[in-house]
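*Asks:* Got a structure here, written out as structure tokens. Questions coming.
Nothing in this text is a laboratory measurement; each read-out follows from the coordinates by a stated rule. Since the structure is predicted, the reported quantities are computational estimates derived from the model, not experimental observations. Note that we place each Cβ from the backbone using ideal geometry, even for glycine, and neighbour counts take in every protein chain shown.
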Amino acid sequence: MAGETTAHTTSPTTERADPGDELVAELADGVLHLSGSLSLAGVARHWKRVRELVAGSSGPLAIDVARLDSIQGSGAALVVELALELERDGRGGEVRGATGSVHALLGLYAPDEAAPPPHAHELHESFLAQVGRRSIGVTTGVFEGIVFIGELTRACGRTILRPATFPLREWVVQLSRTGPDGVAIVALVNFLVGTILGFQSAVQLENYGAEIFVANLVGLSVVRELGPLMTAILLAGRSGAAFAAELGTMKVSEEVDALRTLGLSPHRFLVLPRVAALVVTMPLLTIIANAMGILGGLAIGCGAMGITLNAYWQQTASSIETSDVLTGLAKAVAFGAIVGVIACHRGLSTRGGAEGVGRSTTAAVVTVLFALIIADAIFTYLFTLFGL
Amino acid sequence: MSRVVVEARGLTVGWSGEPLLEKLDFEVASGDVFAILGGSGTGKSTLLRHLIGLEAPLGGTIEVNGEPPSLVGRPRHGVLFQSGALFGSMSLLENVVLPLRHWTDVREPERREIAAAKLRLVGLGGFEHYMPAEISGGMKKRAGIARALALDPELLFLDEPSAGLDPVTSSHLDDLILSLNQNLGVTIVIVTHELHSIFQVVSRCILLHRERRGIIATGDPRELARTSTDVRVREFFRSADAAGRHAGNAQ
């Protein structure tokens, strides 16, 4: 190898300079000679230059460590990695002159001969293979979703046939968590939605002298659409995320497996009470949401637009029909089931550890929100189609 | 001749269609303390998950008490998971009462008495109303064993009961396992790589090997350690012994 190069530089560095951390690298006759200290601090300051030396060379290259005064684990790891890389590139990469502690440490970092095959993610897949793998993943996900619905339906059927087996205690606990605990936030948010809707519509309707119709607009919007939808969105963030995280944690800590080995179906004992709780609490919370939304509109109508309390109430009552309330509540029941089923499915599909639980929780909330909007659109279309 | 309670023939197990262990043949006789041995990553826990019916084999057959393992209906065997896997929202007593409530007609007061007795059996008398989060790792494993024993099974599967425990707690757990086997006649299939436990409680074992993807030795672990000519078998017992001594000294 022509010439001689050194990696020993005096360039400014953010590392604290310590004379004991100096690493000198010289390239001569196809051998990379390392001398001085191969400590973490020395590596931090000089290893980049060592790599540049190696990258700038060609042909077979050995690494001579005979003149190293000291070495630490990180230094040994980098030497071993460099040697492996040279070997992979067909440039030899033999490590020479290692004695005593240097030899021992390099031996410690030497790769396990019986290393497992590379992980799927380490393999360079072609585009087609990646598309195929992802397609299989999506198909498997859909299949698992269908199996989940099937298992839940079976659990429902068994519970109907043998009501005594329904996990009543768990249902009551979930009722309490999803219902009373959520009243305050549902009431507050829907009141604010009512005020926003009231204010926005009042500004427009005032131009036509039709302020009184704020009551119609707020009342109908809240009862038919916004009451159930906003409540479902809140429950998706609150109870849906909680279900996914709780069941996900149970899955990764083997509690779900333990339940199965006791002959108890997770769908019957974990999913059913949660979905049943939401199916009951959603319409109840929606009634509160409707009332608070109307109250919000009333606050704007009476407080800002000068409509009398009696007039606003009369106008609201005359504009809302029983079918409006019932269609809203029907949506609420369906939304409750959607939130519960999707969140529980995501929770029970959790793989991996804490990270997997986080992923499932996020996926549960996103999927539920998407499903709610789709379901709302379908309901609105169907109700319009049937004149409801 | 003892009755065969677990039988694997040509069994291939793995994850996502990828075999981890292939063509396994072994059987567990009634009254055995049978160990599935091997280093980390050899597939011991995966094999156990197949034996208890949590996963379906990729090939071959498993029979537990003459039937394929099933999770449907009243369980005929108890299982202790590596972490204990107690239900976090229930007290220790409730954890043990749960299977009794679902699979027996015993009245609630008697269920609670039975559950309390099971907890006493594993040395957790007085801890009935503790929550899993309030007890140590060793106690969780004991409570897990109590729950596994709730329905008086004749067969118990234990996944690394000593893992993560100090030598004293581990030794107490070994005594408990031996006592369950000798006094209650429970057949025990145990996954472990703790040599102390292996020599103290195990009567027969299979030794799994990662590269071989199968069984490299079968028999009495003490005999295997003493007489096996297979380098891999001798290395396993030597390394496990050294690791055990090191852990003991560290404690």
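*Asks:* Treating each Cα of region B:93-251 as an identical point scatterer and ignoring solvent, apply the Debye formula and state log10 I(q)/I(0) at q = 0.08 Å⁻¹.
*Replies:* -0.29
*Asks:* Please give the calculated 222 nm ellipticity per residue for chain B, where each DSSP H segment of at least 4 residues contributes -39500 (n - 2.57) and the sum is spread over every residue; nearest 500 deg cm²/dmol?
*Replies:* On the way: 8 runs with 98 residues, N = 251.
Calculated from helices alone, the mean residue ellipticity at 222 nm is -12000 deg cm²/dmol.
*Asks:* What translational diffusion coefficient, in µm²/s and rounded to a whole number, does the Stokes-Einstein relation yield for region A:47-196 at 10 °C and a viscosity of 1.306 mPa s, taking the hydrodynamic radius as the Kirkwood radius over Cα pairs? Walk me through the numbers before you get to the answer.
*Replies:* Numbers: Rh = 23.1 Å.
The calculation lands on 69 µm²/s.
*Asks:* Could I ask something else about it? Can you pull the mean other chain C-beta count within 10 Å for peptide B:69-75?
*Replies:* Details: counts 1, 1, 8, 3, 1, 2, 5.
Going residue by residue through B:69-75 and averaging, the value is 3.
*Asks:* Add -39500 (n - 2.57) for each DSSP H run of 4 or more in chain A, then divide by its residues: what number comes out at 222 nm, to the nearest 500 deg cm²/dmol? Each step should come with its number before you reach the end.
*Replies:* On the way: 14 runs with 249 residues, N = 388.
Taken over chain A, the calculation gives -21500 deg cm²/dmol.
*Asks:* When only alpha-carbon atoms are used, what values of Rg and Dmax, in angstrom, describe region B:125-202?
*Replies:* 12.3, 35
*Asks:* Now a separate question. Measure nothing fancy, just the Cα-based angle from helix A:241-252's long axis to the longest principal axis of chain A, in degrees from 0 to 90, nearest 10.
*Replies:* Rounded to the nearest ten degrees, it is 40.
*Asks:* At a threshold of 8 angstrom on Cα-Cα distance, excluding pairs fewer than six apart, so keeping six or more, what relative contact order does chain A reach in percent?
*Replies:* Values: 529 pairs, mean separation 60.5, N = 388.
The normalised contact order for chain A reaches 16 percent.
*Asks:* By how many degrees, between 0 and 90 and to the nearest 10, does the Cα long axis of helix A:40-55 differ from the longest principal axis of chain A?
*Replies:* Approximately 70 degrees, to the nearest 10.
*Asks:* Here is a further query. Give me B:K118, A:K331 ranked fewest to most by other Cβ atoms within 10 Å of their Cβ, as a rough exposure proxy. Walk me through the numbers on the way to the answer.
*Replies:* Details: B:K118 23, A:K331 26.
If I rank by nearby Cβ atoms, fewest first, I get B:K118, A:K331.
*Asks:* Right, another one. Among B:K23/B:K140; A:K251/B:K23; A:K251/A:K331; A:K251/B:K118; B:K44/B:K118; A:K251/B:K44, which pairs are too far apart, with a Cα-Cα distance over 24 Å?
*Replies:* On the way: B:K23/B:K140 35 Å; A:K251/B:K23 30 Å; A:K251/A:K331 31 Å; A:K251/B:K118 26 Å; B:K44/B:K118 28 Å; A:K251/B:K44 20 Å.
Long pairs (Cα-Cα over 24 Å): B:K23/B:K140; A:K251/B:K23; A:K251/A:K331; A:K251/B:K118; B:K44/B:K118.
*Asks:* Please state, rounded to one decimal and in Å, the Kirkwood hydrodynamic radius that region A:237-388 gives when every pair of distinct Cα atoms enters the mean of 1/r.
*Replies:* Values: mean 1/r = 0.0565 Å⁻¹.
It is 17.7 Å.
*Asks:* Also, quick follow-up: What residues qualify as long-range amide H neighbours of A:A28, i.e. H under 5 Å apart, gap of 5 or more or another chain, H built at 1.01 Å from N?
*Replies:* The list, which skips near neighbours in sequence, is A:H33.
*Asks:* To continue, here is another question. Can you pull the mean other chain C-beta count within 10 Å for peptide B:79-89? Before the final figure, lay out the partial values.
*Replies:* On the way: counts 6, 2, 6, 2, 5, 4, 9, 4, 7, 5, 5.
Shielding by partners across B:79-89 averages 5.
*Asks:* Moving on. Sum up the charges of everything whose Cβ sits under 12 Å from the Cβ of A:V341, counting Lys and Arg as +1 and Asp and Glu as -1, but leave A:V341 out. All intermediate terms of the calculation are to be shown ahead of the outcome.
*Replies:* Numbers: positive: A:R274, A:R346; negative: A:E151.
Here the charged neighbours net out to +1.
*Asks:* Please give the helix A:100-109 orientation as an angle from the longest Cα principal axis of chain A, in degrees from 0 to 90, rounded to the nearest 10.
*Replies:* 30
*Asks:* A follow-up question, please. Can you list residues whose amide H is under 5 Å from A:L23's amide H, if they're 5+ apart or on another chain and H is modeled 1.01 Å from N?
*Replies:* HN-HN under 5 Å from A:L23: A:S37.
*Asks:* On a C-alpha basis, how far is the centre of region B:67-104 from the centre of region A:336-388 in Å? Whole number, if you could?
*Replies:* First find each Cα centre; the distance between them is then 31 Å.
*Asks:* Find the percent of Cα-Cα distances in region B:78-152 that exceed 20 Å, and round it to a whole number.
*Replies:* On the way: 474 of 2775 pairs.
Pairs farther apart than 20 Å: 17 percent.
*Asks:* Further, regarding this structure: Share of antiparallel DSSP beta bridges in the protein assembly as shown, in percent to the nearest 5? Could the numbers behind the result be given before it?
*Replies:* Details: 27 of 53 bridges.
Bridges in the protein assembly as shown that DSSP calls antiparallel: roughly 50 percent.
*Asks:* Compute the longest continuous run of chain A that contains no exposed chymotrypsin sites (Phe, Trp or Tyr not before Pro); treat a site as exposed when its DSSP state is not H, G, I, E or B and it has at most 12 other Cβ atoms within 10 Å.
*Replies:* On the way: sites that count: A:Y208, A:F386.
With a cap of 12 other Cβ atoms within 10 Å, the longest stretch comes to A:1-207.
*Asks:* So, one more: Tell me, what is a quarter of the convex hull surface for the C-alpha atoms of the protein assembly as shown, in nm² with one decimal? Display every interim value, and only then the final one.
*Replies:* On the way: hull surface 171.0 nm².
Mean orientational projected area (the protein assembly as shown, Cα hull): 42.7 nm².
*Asks:* Averaged over its residues, how many other protein chain Cβ atoms are within 10 Å of peptide A:259-270's Cβ atoms?
*Replies:* Details: counts 5, 7, 17, 15, 11, 7, 2, 0, 0, 1, 3, 0.
Partner Cβ neighbours, averaged per residue: 6.
*Asks:* Expressed as a whole number of Å, what is the distance separating the alpha-carbon centroids of region A:25-74 and region B:21-50?
*Replies:* After rounding, the separation between the Cα centres reads 48 Å.
*Asks:* Only bridges whose two residues both fall in chain B count here: according to DSSP, what percent of them are antiparallel, nearest 5? Don't jump to the answer; show the numbers that get you there.
*Replies:* Details: 19 of 35 bridges.
Taking every DSSP beta bridge with both residues in chain B, the antiparallel ones total about 55 percent.
*Asks:* When only C-alpha pairs under 8 Å and at least 6 residues apart count, what is the relative contact order of chain B, in percent? Don't skip to the answer; put the middle values down first.
*Replies:* Values: 464 pairs, mean separation 59.8, N = 251.
Relative contact order comes out at 24 percent.
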